[in-house]
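Before any comments, here is the structure.
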Amino acid sequence: MHDHLFALRLFVRVAHKGSFSAAGRELKIPQPTVSRLIAQLEQEIGAALLTRTTRAVTLTEAGREFLSRIESVLAALDDAEQTARGVGKLRGVLRVGLSSSLAIRGLMPRLQRFMELHPDLRVELLLDDARQDLVTEGVDIGLRFGPLPDSSAVAQRLGAVERVIVASPAYLARAGTPRTPDELAQHSFVAGPGGKATSWSFSKDGAKHTVRVDGRLAVSQNEVATSAAIAGMGIVSMSLGACLKELNEGALVRVLPGWDMGRIELHAVFAAGRAAKPSARAFAAYLSQNLQHMGVQ
């Protein structure tokens, strides 16, 4: 039973890594052993779960169906085991999907304490400013700013942070400082992830203004957008936490500080169809109490 359970966990790691050797390195077992155990599992089940080529290992149709079902079973088993051990005794691997900016500015100053509280837990950070697919990438918990698309994923609100627009002092000295939203039409912009023309909405004293902006420079990472703003390439819209350090140091200046752009909500997102890992739930609870330094409230 123990060997079969280990083979199931091994199959999950191979499926997500797309590699026998990568899964073996993660679990500290040699690649030939990985191949042998997976082959035995396929023989016991009576179906090919993986397609092997010289370049990659991919799931068969039966393998995709088996993966979607077995992950929920393993998560429930982990939950039962950890409940029996007692609160706080988290083990295994926690895979977290989030943007590089949130990882650098929000998570890194607080991650060490979480890992100290749970010394038997391994944390993997999957950094991508695009939103990861929770199921295909094996993400246990995704951290996402902004509106959530309609989906069956389960979301937990962690808080919200003020949205601002910023620019460098050098840019404003060169291009002028806008005093109303309408004056933004004369300025340059840097577009963050997405890179498409968009609209910025402002409110003040009950009045609302919407301005359409389209940046000549588009970048796929928020950290690069911040760097571009510091370099004087234009005005950027972002969360307050993503530029708080630069504002405090004077490298960036808030534009239209008297106008309200609303708040950006931060959610912890869990894949539907399977129970959230206890470690994922504990991580979400920890973050909800420890991201205030990023302006998340």
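The values are calculated or read from the model by the stated rules, or taken from the named source; none is laboratory data. Because the structure is a prediction, the values reported are computed rather than measured. For neighbour counting, all protein chains shown are included, and Cβ atoms are generated from backbone atoms with ideal geometry for every residue, glycine included.
Of note:
- Counted as qualifying within the range 161-259 are the helices (runs of 4 or more DSSP H) with 1 or more residues that are closer than 26 Å to Asp129 by Cα, in contact (Cβ under 8 Å) with a residue 12 or more places away in the chain and among the β-branched types (Val, Ile, Thr), namely 222-230.
- Scanning the range 176-193 for residues that are in contact with a His (Cβ under 6 Å, 6 or more places away or on another chain) and either among the hydrophobic types (A, V, I, L, M, F, W, C) or closer than 17 Å to Leu217 by Cβ (or both) turns up nothing.
- So Leu98, is it within 22 Å of His267 (Cβ to Cβ), surrounded by fewer than 20 Cβ atoms within 10 Å (Cβ to Cβ), at pLDDT 80 or above and in contact with a strand residue (DSSP E or B) (Cβ under 6 Å, 6 or more places away or on another chain): no
- Among the residues of the range 177-216, those that are surrounded by 11 or more Cβ atoms within 10 Å (Cβ to Cβ) and at pLDDT below 85 comprise Gly192, Pro193, Gly194, Gly195, Ala197, Thr198, Asp214, Gly215.
- Residue satisfying condition, being of a type outside the set (Ser, Thr, Tyr), farther than 30 Å from Phe270 by Cβ and either assigned by TED's automatic domain parsing to the domain that holds Leu240 or in contact with a strand residue (DSSP E or B) (Cβ under 9 Å, 6 or more places away or on another chain) (or both), within set Ala160, Ala170, Ala225, Ala155: Ala170
- The residues on offer are Arg85, Arg64, Arg55, and the sole one that is at pLDDT below 80, surrounded by fewer than 16 Cβ atoms within 10 Å (Cβ to Cβ) and farther than 30 Å from Arg113 by Cα is Arg55.
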